[in-house]
Amino acid sequence: MRKLKSKFVLSLLGLGLIFTSCSNEDTAELTEQQPQAAISQDVLDKISGHVLNANFVERTSFELPNGETQEGFMIEGDIFMSETQVEGLDDVRENDITTEQYRTNNLVSQPRTLTVTGWTGGGGFALTQNMRTGLQFAINNYNRLNLNINFVLSFNTNIDADIVVFRQPNNSGAGGSAGFPSGGDPNRFVQIFTGLDNADPNVNEHVTGHEIGHSIGFRHTDFFSRQSCGQNVNEGDGGVGAVHIPGTPTGFDPTSIMLACFSFGTDGEFNANDITAMEFLY
Ligand SMILES: [Zn+2]
């Protein structure tokens, strides 16, 4: 795990390590881990059956800019799912899924124009200037691809936008968090942690682009190993219905924007395989 010191994990899991030298009581409290036993085997089975790495599941909650609190599970470090969403995974499994069903349940309906809010409100939830620039870069990257979904970005306090990107003042980690689509809609809330306040726009471009990738249905390209985090973790009994996207590598892809971890040297751009995957699905 020492190797992680040179990498910044897009995750609360990684934050646990970072926080060992952090004296901020608020953030320490936020990342306090409940015993793994508190998560039922049924939940873990559903998660692993959905091609996610059940070795990395935590109970978690976070605050929204409107004061509401979201509770659920953090999976693979930065993928948030509510209990209801995890329960919904059952449907996928019980149907003995085909590739098409699986993707349908996890993608945004298309064609579609998605509204994106870069949050400007109070309470510490407003994106910093570098975060705003990074978000703009990330949106430009997606729109440049000519996908069947496109994004219209505004900086405002519209919490009903399809995707709402905000700074999470209660998490000092260097990364962010998002979730997966459901019911044909993208994941709405994308958190960017305060460790990126002063990170340059390319780093913010990477993290925001990565979290929007989750929000429209992309998983970690190294979910099977977490090699980007300096780890080598087997997926356990996962892999049921794993959908490999034609034309992309089955092994480790060191420059994908959808790796579980990233470095501050990132240029924030999609690599050729990321583009292949996005154009295939959208
Ligand atoms: Zn991620």
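Which value, to two decimals, describes the C-alpha radius of gyration of segment 132-263 once divided by 2.2 N^0.38 Å? Show your work: numbers first, answer last.
On the way: Rg = 15.2 Å, N = 132, 2.2 N^0.38 = 14.1 Å.
In units of the globular-protein estimate, segment 132-263 measures up at 1.08.
For residue 244 and residue 154 in the same chain, what is the full-extension length gain: residue separation times 0.36 nm, less their Cα-Cα distance, in nm?
Extending this stretch completely gives an extra 29.0 nm.
Neighbouring Cβ atoms within 10 Å as the yardstick, rank 214, 220, 244 fewest first. Walk me through the intermediate numbers first.
Values: 214 25, 220 28, 244 10.
Placing the least packed residue first, the sequence is 244, 214, 220.
Calculate one ³J(HN,Hα) per residue across segment 115-125 by plugging θ = phi - 60° into the Karplus curve 6.51 cos²θ - 1.76 cosθ + 1.60, and present them in order as whole Hz with x for glycine and proline.
Each residue of segment 115-125 in turn: 8, 10, 9, x, 5, 10, x, x, x, x, 8 Hz.
Under a crude label model (7 Å from the Cα following the beta-carbon direction), how far is residue 112 from residue 255 in nanometres?
Here the modelled spin labels are 3.2 nm apart.
Which three lengths, in whole Å and largest first, does segment 160-228 cover when its Cα atoms are put on their principal axes?
35, 35, 21
Return the FRET efficiency for the residue pair residue 59, residue 87: r is the Cβ-Cβ distance, R0 is 22 Å, and the value is rounded to the nearest 0.05. Intermediate results must be reported in sequence, preceding the final value.
Details: r = 15 Å, r/R0 = 0.67.
So, using R0 = 22 Å, E works out to roughly 0.90.
For the residues 44, 196, 145, what sequence is obtained by ranking on other C-beta atoms within 10 Å, fewest first? Provide the component values of the computation, followed by the final result.
Numbers: 44 20, 196 26, 145 14.
Ranked by crowding around the Cβ, least crowded first: 145, 44, 196.
For the residue pair residue 272 and residue 42, what label-to-label distance in nm results when each label sits 7 Å from Cα along the Cα-to-beta-carbon direction?
In this crude spin-label approximation the distance works out to 4.8 nm.
Computed from the coordinates by the stated procedures, all read-outs in this text should not be read as laboratory data. Because the structure is a prediction, the values reported are computed rather than measured. Note that we place each Cβ from the backbone using ideal geometry, even for glycine, and neighbour counts take in every protein chain shown.
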